[in-house]
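A.B. asks: Please see the structure below; I have some questions.
The values are calculated or read from the model by the stated rules, or taken from the named source; none is laboratory data. From a predicted model like this one, the values you see are computed outputs, not experimental measurements. Virtual Cβ from ideal backbone geometry, glycine too; neighbours counted across all protein chains shown. All accessible areas refer to the heavy atoms of the entire protein, side chains included, with ligands and DNA or RNA removed. Shrake-Rupley method; radii C 1.70, N 1.55, O 1.52, S 1.80 Å.
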Amino acid sequence: MNTIRRLTILGSTGSIGESTLDVVARHPDRFKVVALTANNNVDAMLQQCQRFCPRYAVMLDPSSAEQLANLINNNVGLETEVLAGIEALEKVASLPEVDVVMAAIVGAAGILPTFAAAQSGKLVLLANKETLVMAGRIFMDLVKQHGATLLPIDSEHNAIYQSLPHKFNGNLSAEGVSHILLTASGGPFREAPLASLEQVTPAQACAHPNWDMGRKISVDSATMMNKGLEVIEAHWLFNAAPEKIQVVIHPQSVIHSMVQYIDGSVLAQLGNPDMRTPIAHAMGYPDRIDSGVAPLDMFAVAHLDFEAPDFERFPCLKLAYKALAEGGNMPAVLNAANEIAVESFLNEQMPFTAIPLMIEHVMLSIPHEEVSILDDVLKADRLARTAAREWLANLK
Ligand code: NAD
Ligand code: MG
């Protein structure tokens with residue numbers, strides 16, 4: 001007999017949120033949904049409420065919350081309470097009747113509710129890598145201080161977690177680890193002629209060869225900023241010095257990352273590229289549970305290829321290493337500038353190739369500062385967004 005895990009899913013209408021609910025639906029004996037949250041997608045949220053009957057549904061946007069509340073009130077039998085705004089997101093991330101919080105909001109918007117979950121000692125399943133990029137040290141300290149447990153959902157970090165010794169305590173060299181090998185597909189433009197990148201459309205950038213994801217992370221994968229953010233994420237999660245994290249281009253996305261040990265062993269986690277595997281791993285942990293993912297067919301895969309990353313083709317990767325080396329407010333500046341750059345590209349306000357230019361400009365224009373509390377991080381985030389918008393205005 002399993003004890004039931006009671007869940008809040010932050011960002012339930014997104015790609016990770018939907019995959020999480022798919023895993024939940026396979027295990028009604030293990031999971032109970034207490035709260036679901038979204039930005040403004042009322043239709044998707046109503047459907048999820050009808051299917052999973054949560055105690056709370058939160059919409060960030062107040063008018064979406066009002067619409068949802070009207071629809072729910074007309075739906076006889078549904079007792080879901082609808083809440084609105086950022087405080088409500090923090091509330092459902094820290095409810096006493098919740099054990100597990102899936103942090104799957106996209107971008108810096110996820111930081112406050114993810115912090116709230118850690119602060120209330122939850123089992124935090126972290127998809128929102130931006131929290132660690134912006135405020136890695138502060139967040140890891142908070143997790144420790146409040147006795148929260150952190151399990152990585154990002155497929156690479158989940159693979160690394162699975163390839164490290166059980167109950168890894170943050171000391172890589174004591175465990176005989178020589179390197180973390182962080183795999184990357186290289187995205188849709190790994191082999192595209194460099195001159196063609198100027199003309200890339202949002203639809204092309206979002207068409208990832210192996211993974212089906214939200215639009216922001218899809219563009220991040222096309223610029224390889226996603227891998228840069230993941231280097232910073234790995235640094236904090238595994239207490240790994242930047243030179244201990246080697247990015248390895250692996251176009252098939254079958255190996256999700258590896259850990260190299262000093263005796264010559266390399267341990268890897270493999271599987272079909274489907275986020276339900278790392279989600280099920282973390283949701284069931286330490287038990288293994290069915291995820292709905294098809295078994296890996298090695299004969300169909302046939303080849304596994306590897307190459308070194310090309311920093312000239314992917315300047316965003318270089319910028320992320322630079323932000324990590326500079327530390328302090330710089331990773332938060334990098335992250336915020338990247339969010340504005342991706343949004344501006346998706347809105348067709350600037351070309352794909354302007355993304356690293358905007359980020360580099362913003363990183364150079366904001367002075368380095370140390371960060372010791374969340375407010376310092378939020379200030380860096382605000383300054384970077386303003387600088388990025390100014391750069392865009394001058395571009396026109
Ligand atoms: P998505 O865009 O598909 O979904 C985002 C979710 O967040 C939605 O439910 C949306 O309503 C909500 N949201 C958006 N803006 C919000 C705001 N301002 N306030 C509150 N809620 C808001 O994104 P996704 O692809 O599911 O990614 C979610 C997170 O997981 C990101 O941090 C991403 O980097 C990470 N991640 C995703 C994948 C993937 O395969 N999709 C893999 C690894 C990591
Ligand atoms: Mg990843």
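A.B. asks: Give me the number: length gained by fully extending Glu390 to Glu175, i.e. 0.36 nm times residue separation minus the C-alpha to C-alpha distance, one decimal in nm.
C.D. replies: On the way: separation 215, 0.36 × 215 = 77.40 nm, distance 4.74 nm.
Value of the extension gain: 72.7 nm.
A.B. asks: Return one whole number: the accessible area per residue of region 159-257 in Å², for a 1.4 Å probe.
C.D. replies: In whole numbers, region 159-257 has 38 Å² accessible per residue.
A.B. asks: While we're here: Just to be sure I understand: with springs between alpha-carbon atoms less than 10 Å apart, which residue in Leu194, Leu36, Leu123 has the highest mean-square fluctuation in the Gaussian network model of the chain?
C.D. replies: Leu194
A.B. asks: Among the trypsin sites (Lys or Arg not before Pro) in region 132-223, which ones are in a DSSP loop with at most 13 other Cβ atoms within 10 Å of the Cβ? Mind listing them? Provide the component values of the computation, followed by the final result.
C.D. replies: Details: sites: Arg137, Lys144, Lys167, Arg190, Arg215, Lys216; in loops: Lys167, Arg190.
Of the trypsin sites (Lys or Arg not before Pro), the ones in loops of region 132-223 whose Cβ has at most 13 other Cβ atoms within 10 Å are Lys167.
A.B. asks: Relative contact order for the chain using alpha-carbon pairs under 8 Å, separation at least 6, rounded to a whole percent? Can you show the working numbers first?
C.D. replies: Numbers: 729 pairs, mean separation 55.9, N = 396.
Computed over the chain, the figure is 14 percent.
A.B. asks: Which of rounded, prolate, oblate describes the chain, given a ≥ b ≥ c as roots of the alpha-carbon gyration tensor eigenvalues and a/c under 1.5 marking rounded, otherwise prolate only if a/b is larger than b/c? Can you show the working numbers first?
C.D. replies: Details: a/c = 1.43, a/b = 1.17, b/c = 1.22.
Since a/c stays below 1.5, the shape of the chain is classed as rounded.
A.B. asks: When the chain is treated as a GNM, springs tying every alpha-carbon pair under 10 Å, which of Met330, Met213, Met258 comes out with the largest mean-square fluctuation?
C.D. replies: Of Met330, Met213, Met258, the most mobile in the Gaussian network model is Met213.
A.B. asks: Which is the longest part of the chain that has none of the GluC sites (Glu not before Pro) sitting in a DSSP loop with at most 11 other Cβ atoms within 10 Å?
C.D. replies: Working: sites that count: Glu79, Glu97, Glu191, Glu312, Glu348, Glu370.
It runs 192-311.
A.B. asks: Mind ranking Asp212, Asp22, Asp29 by accessible surface for me, highest first, 1.4 Å probe? Let's see the in-between values first.
C.D. replies: Working: Asp212 140, Asp22 55, Asp29 85 Å².
Ranked list, largest accessible area first: Asp212, Asp29, Asp22.
A.B. asks: Show the residues, 5+ positions off or on another chain, whose built amide H is closer than 5 Å to the amide H of Glu81.
C.D. replies: For Glu81, whose amide H was placed from the backbone, the distant partners under 5 Å are Tyr56, Ala57.
A.B. asks: When all protein chains stay in place, what accessible area (Å², nearest 10, 1.4 Å probe) is found for His281?
C.D. replies: 20 Å²
A.B. asks: Can you work out the accessible area per residue across region 327-396, with the rest of the protein chains kept in place, probe 1.4 Å, in square angstrom?
C.D. replies: Numbers: 3180 Å² over 70 residues.
Ligands and nucleic acids excluded, the result is 45 Å² per residue.
A.B. asks: With every protein chain kept in the model, how would you rank Ile86, Ile180 by accessible area, 1.4 Å probe, largest at the top? Intermediate results must be reported in sequence, preceding the final value.
C.D. replies: Working: Ile86 50, Ile180 0 Å².
Result, largest first: Ile86, Ile180.
A.B. asks: Could you give me the ³J(HN,Hα) list for region 292-308, computed from phi with Karplus coefficients 6.51, -1.76, 1.60 and θ = phi - 60°, whole Hz, x at Gly and Pro?
C.D. replies: Using θ = phi - 60°, the values come out as x, 7, 5, x, 6, 9, 4, 6, 6, 5, 6, 10, 10, 10, 9, 8, 7 Hz.
A.B. asks: If you build a Gaussian network model of the chain, linking Cα atoms that sit under 10 Å apart, which residue out of Ala308, Ala341, Ala118 swings the most?
C.D. replies: Top of the fluctuation ranking is Ala308.
A.B. asks: How high is the relative contact order of region 266-368? Use alpha-carbon pairs under 8 Å, at least six apart in sequence, and give a whole percent.
C.D. replies: Working: 62 pairs, mean separation 19.4, N = 103.
For region 266-368, the relative contact order is 19 percent.
A.B. asks: Which FRET efficiency, nearest 0.05, do Ala325 and Leu374 yield, Cβ-Cβ r, R0 25 Å? Could you put the intermediate results ahead of the total?
C.D. replies: On the way: r = 23 Å, r/R0 = 0.90.
About 0.65, to the nearest 0.05.
A.B. asks: I'd like the chymotrypsin sites (Phe, Trp or Tyr not before Pro) in region 211-308 restricted to DSSP loop residues with at most 12 other Cβ atoms within 10 Å, sorted by number.
C.D. replies: Details: sites: Trp211, Trp236, Phe238, Tyr261, Phe299, Phe306; in loops: Trp211, Phe306.
Within region 211-308, the qualifying chymotrypsin sites (Phe, Trp or Tyr not before Pro) (loop, at most 12 other Cβ atoms within 10 Å) are Phe306.
A.B. asks: Next up: Residue by residue through region 196-210, which ³J(HN,Hα) values in whole Hz follow from phi under the Karplus form 6.51 cos²θ - 1.76 cosθ + 1.60 (θ = phi - 60°), with glycine and proline marked x?
C.D. replies: 7, 5, 3, 9, 4, 9, x, 4, 5, 5, 8, 8, 6, x, 10
A.B. asks: What residues qualify as long-range amide H neighbours of His27, i.e. H under 5 Å apart, gap of 5 or more or another chain, H built at 1.01 Å from N?
C.D. replies: Answer set, sorted by chain and number: none.
A.B. asks: For region 165-172, what does the Karplus curve 6.51 cos²θ - 1.76 cosθ + 1.60, with θ = phi - 60°, yield as ³J(HN,Hα) per residue in whole Hz, taken in order and with x for Gly and Pro?
C.D. replies: Working through the residues one at a time gives x, 4, 6, 3, 10, x, 10, 5 Hz.
A.B. asks: Work out the charge dipole of the chain with +1 on the Cβ of Lys and Arg and -1 on the Cβ of Asp and Glu about the Cα centre, then indicate which of Leu21, Ser120, Val143 is farthest towards its positive end.
C.D. replies: Of the listed residues, the answer is Ser120.
A.B. asks: Using a simple spin-label model with points 7 Å from Cα along the Cα→Cβ vector, what separation in nm is obtained for Phe311 and Ile86?
C.D. replies: Going from the Phe311 label point to the Ile86 one covers 3.6 nm.
A.B. asks: Right, another one. What residues have an amide H closer than 5 Å to that of Arg5, excluding those fewer than 5 places away on the same chain, when H is modeled at 1.01 Å from N in the peptide plane?
C.D. replies: Residues meeting the amide H criterion: Phe31, Lys32.
A.B. asks: Sorting Cys53, Cys206, Cys316 by accessible area (1.4 Å probe), largest first, what list results?
C.D. replies: On the way: Cys53 70, Cys206 30, Cys316 0 Å².
Result, largest first: Cys53, Cys206, Cys316.
A.B. asks: When we measure straight from the Cα of Lys144, which lysines land under 20 angstrom away, once same-chain ones fewer than 8 places off are left out?
C.D. replies: Leaving aside lysines fewer than 8 places away in the same chain, those within reach of Lys144 are Lys122, Lys129, Lys167.
A.B. asks: Now for a separate question. Using a probe of 1.4 angstrom, how much of the accessible area of the chain is carbon and sulfur, in percent? Before the final figure, lay out the partial values.
C.D. replies: Working: 8800 of 17060 Å².
Taking all protein chains in place, the chain shows 52 percent carbon and sulfur surface.
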